[in-house]
Every structure is written in structure tokens, then in C-alpha cells.
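Participant: This is the structure, below, for whatever I ask next.
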Amino acid sequence: MLTFSRTLPVLAATLLIAGCAQNPPASQASSAPAASAPAKPAPPLAGTTWKLKQLNGQAVKRTLPRQRDVTIVFNDGRVSGYSGCNQMMGAYGTNGSSTLTFSQFAGTMMACEKDDMDLEKRLLKSLGTVNGYRFDGQQLLLLKDGVAVARYEAMAR
């Protein structure tokens, strides 16, 4: 005859083994936090085509195909792009991590609709004040004394 003191350890071991062999209920399995994908690194400053999204805190909306995207490209100390009405070009300098300055800006002299010309004037004036940059995810922020004056987004290749 088995005594209670001998039966209890066998029963406990059996329950422990049976409990370990079970899968968790579906509700518990789906409530576990999913592994989040690592943040995508920012594209490089140079060689990326950047599209203007905001200028001095205001969204920049373009109506394609009548209005082209406003863009900027950095490459080997030279900058180029489309400023809303005309092609622009110039020089830039950076320490490679946070400072950025523009100089020797020039552009074509096409006449455009008033809204496009106004956007271009405001953009070129703002770019003339830039003294730094930083990345915000896939976006490039051009800064004046740490405050964003222009927000660009990397364009798909």
C-alpha cells in the first residue's frame, strides 16, 4: 500500500512534466511583445536626392506633374537641385557630422508662377542661414542654430 508521503512527490513530478509539455494558449502566445525591426539608418548626406517636405515649419505641397518636387543633392563639396522654379547649384562645407554651410549659390533665371517663385525665394533665403544639420530617421533637417529651417526626405532610388 502506497502512503501519502510517497504518492505526493510522484504526483507533483507528473504534473510538472505534463505542464512543461503543453503549448501556451493562443491568447498568451499572441500577447507576447513582437520583436521590433531595428530602425533603418539614415541615408548618407552625399549622393542622396532629398525632397523638401517642410520649410520654416510649413508643409511644402507640390502638385505633380505641373509642379516638380523641390530637391537638393550633395556631392563632393557641390550642391545642386531644383528650388521650386529654377535649377540651383553652389558649394557646401561640412565637418561630416553636424555643421553645414552653403556658399556660391547660383541658379537659372526662368520665370515661373508667383507661388513657385515665392517658394524659391523663401527656400534660398533659408538655405543661406543654415549652419548645421541632423538626421531624423529617413529625414534630413537643415538647421540654423539648432532649429530646423528645412526638412527633407530621402527619395527612393
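Participant: Given a cut-off of under 8 Å on Cα pairs at least six residues apart, what relative contact order in percent is computed for region 60-157?
Facilitator: 17 percent
Participant: For region 30-157, report the convex hull volume of the alpha-carbon atoms normalised per residue, in Å³, without decimals.
Facilitator: 145 Å³
Participant: Can you tell me the accessible area per residue over region 53-157, all protein chains present, probe 1.4 angstrom, in square angstrom?
Facilitator: Here the per-residue accessible area is 58 Å².
Participant: While we're looking at this one, here's another question. Under 14 Å from the Cβ of Leu64, count the other residues' Cβ atoms, weight Lys and Arg +1, Asp and Glu -1, and hand me the total.
Facilitator: Value of the local net charge: +3.
Participant: Please give the length that would be gained between Met89 and Phe135 if that part of the chain were fully extended, namely 0.36 nm times their separation in residues minus their C-alpha to C-alpha distance (nm, one decimal).
Facilitator: Full-extension gain reported as 14.3 nm.
Participant: Another question, if that's okay. Among the trypsin sites (Lys or Arg not before Pro) in region 39-79, which ones are in a DSSP loop with at most 11 other Cβ atoms within 10 Å of the Cβ? Mind listing them?
Facilitator: Sites meeting the loop and neighbour criteria: Lys61, Arg66.
Participant: Could you tell me which of rounded, prolate or oblate describes region 53-128, using a ≥ b ≥ c as the square roots of the eigenvalues of the alpha-carbon gyration tensor, with rounded for a/c under 1.5 and, failing that, prolate when a/b is larger than b/c and oblate otherwise?
Facilitator: prolate
Participant: Over the Cα atoms of region 100-157, what Rg and Dmax result, in angstrom?
Facilitator: Spelled out, the Cα radius of gyration and Dmax of region 100-157 are 13.0, 36 Å.
The values are calculated or read from the model by the stated rules, or taken from the named source; none is laboratory data. The structure displayed is predicted, hence computed values, not measured ones. Quick reminder, even Gly has a Cβ in these numbers, built from the backbone with ideal geometry, and neighbours come from all protein chains shown. SASA here: full protein model, heavy atoms, side chains in, ligands and nucleic acids out. Shrake-Rupley method; radii C 1.70, N 1.55, O 1.52, S 1.80 Å.
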